[in-house]
1. Rounding to the nearest 20 debye, state how big the charge dipole of the chain is about its Cα centre with +1 on each Lys and Arg Cβ and -1 on each Asp and Glu Cβ.
2. Using a simple spin-label model with points 7 Å from Cα along the Cα→Cβ vector, what separation in nm is obtained for S152 and A62?
3. What do you get for Rg/Rh of the range 126-204 when both radii come from the Cα atoms and Rh is the Kirkwood radius?
4. Hey, if you put +1 on the Cβ of every Lys and Arg and -1 on every Asp and Glu Cβ in the chain, which of Y15, I185, G113 ends up farthest toward the positive end of that dipole?
5. Using the Cα atoms of the chain, I'd like the radius of gyration and the largest Cα-Cα distance, Dmax, both in angstrom.
6. What list of ³J(HN,Hα) values in whole Hz, one per residue of the range 153-165 in order, does the Karplus curve 6.51 cos²θ - 1.76 cosθ + 1.60 (θ = phi - 60°) give from phi, with Gly and Pro shown as x?
7. Going by amide H atoms built from the backbone, whose H comes under 5 Å of the H on G190, apart from near neighbours?
8. How much of the accessible area of the chain, probe 1.4 Å, is carbon plus sulfur, in whole percent?
Amino acid sequence: MSGIIGKKIGMTSIYDENGKNIPCTILQAGPCTIIQVKTEDKDGYSSFQLGFDEKTKNTTKAYEGQFKKSKSNPMSKLVEFKGFEGDLKLGDKITVDHFLEGEFVDISGISKGKGFQGVVKRHGFRGVGDSTHGQHNRLRAPGSIGAGSSPSRVFKGMRMAGQTGNSKVKVLNLKVVKVMSEENILIVKGSVPGHNNSYIIVQK
C-alpha cells in the first residue's frame, strides 16, 4: 500500500455541503523524500523508504551516507511503503497531491499513554455493582482471576491492571475531506490515534 508520513496537528470541525457539522482531524502530510529504493533483484522485494521531518543532529554515520546518496537532509522519521505507482526515483518528493478528496485511507500512530490503570479503565470492567452487603472497597476490584486446585495457575492473557495506551493503533477507512496542497495539509473525518505533533502514517 502506498502512503505518506505526517504529523497530527489537532482536531476541528467543518460543515459539509448539506450543512452537517463533521468532526475532523488536521494532519500535516509530507512532503516526504524517497531516501532508499529497494528492488526485487537486490533486496528480494520492492519498496520505497520515505523520510519526513528534517533534523539537525544525532544522525548515525550509516544514515548520513544514506541521506547523502538521496541528496536530502537527515530525517527524523523513516518508513517503508509498497505499491507506489508511477516512475519514481531516489530523491523524489511525495506530497499530499498523492491523495484525493473523498477517498478512504488507513491511519496508524502511537496512542496516548495513560500509565498504569486498573481493570475498569483498561478493560471496561463494571466492578461488583452494588455497594451493599459489606462491599465497601470492592467497586473497582478485578475479582477472582482463576480456579483453585485445577488448573492451579493463571492463564496467559488474563485481563488485569497494567500499562495502558502508548501502543500502535491503526484506524481504518477514514474519509479524506479536504486536501490543501499549498500547506501540505490533509483533513480527514474522525479521530486519529496519538497526541498533537505525534507522527502518523497514512496509507491508501
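The values are calculated or read from the model by the stated rules, or taken from the named source; none is laboratory data. Being a predicted model, the structure only gives us computed values, none of them experimental. Virtual Cβ from ideal backbone geometry, glycine too; neighbours counted across all protein chains shown. Accessible surface is based on the protein model in full, side chains and every heavy atom, while ligands, DNA and RNA are left aside. Shrake-Rupley method; radii C 1.70, N 1.55, O 1.52, S 1.80 Å.
1. Charge dipole of the chain: 1260 debye, to the nearest 20.
2. The two pseudo-label positions are separated by 4.8 nm.
3. Checking Rg against Rh, the ratio lands at 1.23.
4. Projecting each Cα onto the dipole axis, the largest value belongs to G113.
5. 23.0, 73
6. 6, 9, 5, 5, x, 4, 6, 9, 5, x, 4, 10, x
7. Excluding prolines and chain starts, which carry no amide H, the hits are C24, T25.
8. 49 percent
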